[in-house]
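One structure is given here, and the rest of the page talks about it.
The values are calculated or read from the model by the stated rules, or taken from the named source; none is laboratory data. Keep in mind it's a predicted model, so treat the numbers as computed, not measured. Note: ideal-geometry Cβ built from the backbone for every residue, glycine included; neighbour counts use all protein chains shown. SASA here: full protein model, heavy atoms, side chains in, ligands and nucleic acids out. Shrake-Rupley method; radii C 1.70, N 1.55, O 1.52, S 1.80 Å.
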Amino acid sequence: METMNEIFKDKVRGSIIAGACGDALGYIVEFVGSYTAIVRHYGERGLTDYDTNYYWLKEDDRCKKALFSDDTQMTLYTIEGLLEGINTGKPIIDTIRDSYLVWYTGQVGENVKISYDSPLSRIEELNQRRAPGNTCLSSLSVLADGSLPWNDSKGCGGIMRIAPIGLYGAANGWSLQRIADIAGKAAELTHLHPLSTYSSAACAVIIALCTKTTVTTPEDFRNIIAEAINVVTEVYEVKSRLMAEFRRTVSNAISLESDPRPDWEVIEDSIGGGWVAEETLAIALFSVLRHIDDFNACMICAVNHGGDSDSTGAVAGNILGAILGYTAIPQKFLTRLQLKDLLSDYADKLVSACPISTLTIV
């Protein structure tokens, strides 16, 4: 019989690797267009497995591995930043910022003075450009110059990298309020619109709760979502139009679980494209609610639409992986995933840095 620690470790590894699976699955169709265009290319069920025929690469550069995008690259750098803060005692937001700057230098080929030696920076695949977000790049450019970015972006570049904060916070006994606060601040390193902050904070809290709770039904998951939204509202103490808008977006996603229309139609017509953080979260929540016990169906749902498919797949994977664990991920998603061993190693490092001996899963 598995111990609580083994179950928790499996959930953490599941969250990180499932996020990468969803990212890699959706990466190739991110800019394809509508679901109709996806079906035209892949058949009536849409994209159901990795497509490694990366049309934008030269033929000699193509590989058999399923490549993940900047979403998973930055998720790994979030882990590295967390670990650096843990190991040195420096403020975690500062070390996450520095870690993102290391990623930035690899993307643009510039040298920025960083306060630590980054093992991830020496991995070639993490320096390759995989459609990095303009807001991430421009904000990090400003940070590299020693200034603070200022924008009104609610793009999904903040939420798609935030899962490790929820995972580490759960293992380390952080309060849900602290998880929300740190996740929101990490997103605000690049994206400063409140809807990005609220969405990122909620996502991290949801992931934390999923690792510590046995979730088997949509009702279980709806209870977790409700708790997370209440925490975010409490942390930000905002009774504003934007908080009300955020709560409506989440409520709408929940209400659509039993909608009789096909998944893609619900997403495209009633949720959005996932290009902005609150829609990314909404699509991920909808996908998990619809397919809470079926990893394959959830991933297919999360990426087969005419929006930001890699980010919605990544966030849905982060959440469902925290529910089902690594052992529930079908082998077809694991065999060809790029840098799977590195992802596993960093997920395990995240757990080994935490005192989880007294962990209770309810």
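Per-structure values
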quantity	calculated
Relative contact order of the chain, pairs being alpha-carbon contacts under 8 Å that are 6 or more residues apart, as %	31 percent
Using a Förster distance of 45 Å, the FRET efficiency for Arg40-Thr88 (Cβ separation, nearest 0.05)	0.30
Sites matching chymotrypsin sites (Phe, Trp or Tyr not before Pro) across the range 144-205 that sit in DSSP coil, with at most 15 neighbouring C-beta atoms within 10 Å	Trp150
Approximate spin-label separation Thr335-Glu124, in nm, with each point projected 7 Å along Cα-to-Cβ	2.5 nm
For Leu337, distant residues with modelled amide H under 5 Å away	Ala66
Under the Karplus curve 6.51 cos²θ - 1.76 cosθ + 1.60, θ = phi - 60°, whole-Hz ³J(HN,Hα) for the range 277-282, x wherever Gly or Pro sits	4, 5, 6, 4, 4, 4
Alpha-carbon centroid distance for the pair the range 151-205 / the range 256-328, whole angstrom	19 Å
Dipole in debye (nearest 20) - the chain, about Cα centre, beta carbon charges: Lys, Arg +1; Asp, Glu -1	300 debye
The chain: C-alpha gyration tensor shape, a/c 1.5 cut-off, then a/b vs b/c	rounded
Sum of -39500 (n - 2.57) over DSSP H runs of 4+, divided by residues of the chain (222 nm, nearest 500)	-19000 deg cm²/dmol
Using θ = phi - 60° and Karplus 6.51 cos²θ - 1.76 cosθ + 1.60, couplings along the range 330-340 (whole Hz; Gly, Pro as x)	x, 4, 4, 7, 8, 4, 9, 5, 4, 6, 4
Distribution of pairwise C-alpha distances over the range 162-271, 10 Å bins, in %	15, 42, 34, 9, 0
Amide H within-cut-off set for Gly155, under 5 Å, with H built and near neighbours excluded	Ala277
Karplus 3J(HN,Hα) series, Hz, for the range 17-30 with 6.51 cos²θ - 1.76 cosθ + 1.60 (x for Gly, Pro)	6, 5, x, 5, 4, x, 4, 5, 5, x, 4, 6, 10, 4
Pairs from Lys90/Lys113; Lys154/Lys349; Lys90/Lys154; Lys113/Lys185; Lys185/Lys349 whose Cα-Cα separation, in the structure shown, is over 19 Å	Lys154/Lys349; Lys90/Lys154; Lys113/Lys185; Lys185/Lys349
Ser251 accessible area, 1.4 Å probe, all protein chains in place, Å² to nearest 10	70 Å²
Cα-based equivalent ellipsoid, the range 66-173: semi-axes from gyration tensor eigenvalues, Å	19, 16, 16
Apportionment of accessible area to carbon and sulfur, the chain, percent (1.4 Å)	49 percent
Candidates Lys113, Lys212, Lys11: whichever shows maximal mean-square fluctuation once the chain is modelled as a Gaussian network with Cα springs under 10 Å	Lys113
Per residue, in Å², the accessible surface of the chain once ligands and nucleic acids are set aside, probe 1.4 Å	39 Å²
The range 106-146 and the range 1-49: distance between their alpha carbon centers, rounded to Å	25 Å
Cα-Cα pairs of the range 220-362 separated by more than 21 Å (percent)	50 percent
